[in-house]
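Data block below; observations after.
The values are calculated or read from the model by the stated rules, or taken from the named source; none is laboratory data. Here the structure is a predicted model, which is why all the values come from computation and not from measurement. Here Cβ is always computed from backbone atoms with ideal geometry, including for glycine, and neighbour counts include all displayed protein chains.
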Amino acid sequence: MARVFKILVKPSEFFADEEKINDTKTSLVIFGLAMAITSLVSAYYFSEKVIYYLELGELSNIPIQLLGIDYIIMSRLAYLLLASLIILGVGRVFAKLVNAERASIKLHLNVVFFSFLVILIMGIISTPVILAYPVKQYGIVGASFESVSLLNADIAAEDMETGFKVEASSTLIIADRMDIKYLNESGYPIEWGRLNSSQIRKMLELKKPKVYLSNAKVYAYGDRVFNLTVSQLNFEEMKFRRTINLERVLLNRDEITSDAAAVALDFLGAFIPLITWVWFVAVNAVGFRVVFKVSRLKSLAFGLFAFAVLVILGIL
């Protein structure tokens, strides 16, 4: 197992040894460990270092699911699996485009899995950084939902197109979409990023979020369809098909940015993933050169192309 660490410093020598890169069992162990450490570190970060508060005024009882541990772990696993498939797929296509020598999928997949040693090592290195991270407190200050149903609701609203006043107690209100947002004095969405922590908290104390219901039916009014600006809304239960968007703002930004150590850790936390993925793609490019027997220039082109695809698809 110790010999695989040559991947980190002399990847070309490692990949040139057919016996080593044909060791599927070891490559799978590395891939599995990389997925495990990445998932565990992410789960710890989002469960211990990130706190979310619903800051939606009277609607802060909306049943929003915020990053459960199971979701975090599954998303990390899917994220790494997708990255490996992208690297493999891009490599196979690129090899055909440059008329490279043939290489089996098994051999190529082993190269990709062995490259995950970079992810594994950087995950271990990042762990003390994550442990030292300051706790970040986020407020959910805006939200959008699709296919909303409000049960046993009291509503006071106005149709945005006709000005018709809607005031009713209704067993059911349905809408294609519900939007909740804070507006400034000019009627535009508040730019939370321009405010400091005290201004954010003051804004949340003084203002009430606006609620909009698109293509809504209030059953007390029959089948009439409204586009409503809501001034008052209470309900016993809310159901929706999916969350379209959640807008968040860092509530303790000033506390973090005034602490030099916290700023440094934040920088490291952003820099480590970039180094990790550049290194990961570089190792794969070397493996691509050795396995498909192409020139350094072609392997460099593959690396740049693969990196661009990962960026475009949102992996990086």
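Hey, any hits in the range 101-118 for a residue that's crowded, with 19+ Cβ neighbours inside 10 Å and not in a helix (DSSP H, G or I)? Before you say what the answer is, go through the steps one by one.
Pass one, the range 101-118, residues crowded, with 19+ Cβ neighbours inside 10 Å: 108-118.
When the remaining residues are screened for being not in a helix (DSSP H, G or I), the result is none.
Looking for residues that are crowded, with 19+ Cβ neighbours inside 10 Å and not in a helix (DSSP H, G or I), one finds none in the range 101-118, hence no.
Does the range 252-265 contain at least one residue that is out of contact with any helix residue (DSSP H, G or I) (no Cβ under 8 Å at 6 or more places or on another chain) and surrounded by 15 or more Cβ atoms within 10 Å (Cβ to Cβ)?
So far as the range 252-265 goes, no, none of its residues is out of contact with any helix residue (DSSP H, G or I) (no Cβ under 8 Å at 6 or more places or on another chain) and surrounded by 15 or more Cβ atoms within 10 Å (Cβ to Cβ).
Contact list please: Cβ distance under 6 Å, first residue in the range 127-139 and over 13 Å from Ser47 (Cβ atoms) and surrounded by 15 or more Cβ atoms within 10 Å (Cβ to Cβ), second residue of a type in the set (Ser, Thr, Tyr) and at pLDDT 85 or above, pairs at least six apart or on different chains.
Pairs found: Tyr138/Tyr52; Gly139/Tyr53.
Failed condition for Leu85, given (1) surrounded by 14 or more Cβ atoms within 10 Å (Cβ to Cβ); (2) part of a helix (DSSP H, G or I); (3) at pLDDT 90 or above; (4) of a type outside the set (S, T, N, Q), with all others met?
(1)
For the range 119-132, does any single residue satisfy the condition of being out of contact with any Ser or Thr (no Cβ under 9 Å at 6 or more places or on another chain), of a type in the set (Gly, Ala, Ser) and not in a strand (DSSP E or B)?
Among the residues of the range 119-132, at least one is out of contact with any Ser or Thr (no Cβ under 9 Å at 6 or more places or on another chain), of a type in the set (Gly, Ala, Ser) and not in a strand (DSSP E or B), which makes the answer yes.
State whether the residues of the range 208-215 include one that is basic (Lys, Arg) and over 26 Å from the mean Cα position of the chain (by Cα).
Step one: filter the range 208-215 for residues basic (Lys, Arg), giving 208, 210.
Checking the rest, the ones that are also over 26 Å from the mean Cα position of the chain (by Cα) come to 208, 210.
Looking through the range 208-215, at least one residue is basic (Lys, Arg) and over 26 Å from the mean Cα position of the chain (by Cα).
What number of residues in the range 209-224 are at pLDDT 90 or above and surrounded by fewer than 17 Cβ atoms within 10 Å (Cβ to Cβ)?
Residues in the range 209-224 being at pLDDT 90 or above and surrounded by fewer than 17 Cβ atoms within 10 Å (Cβ to Cβ): 1 in total.
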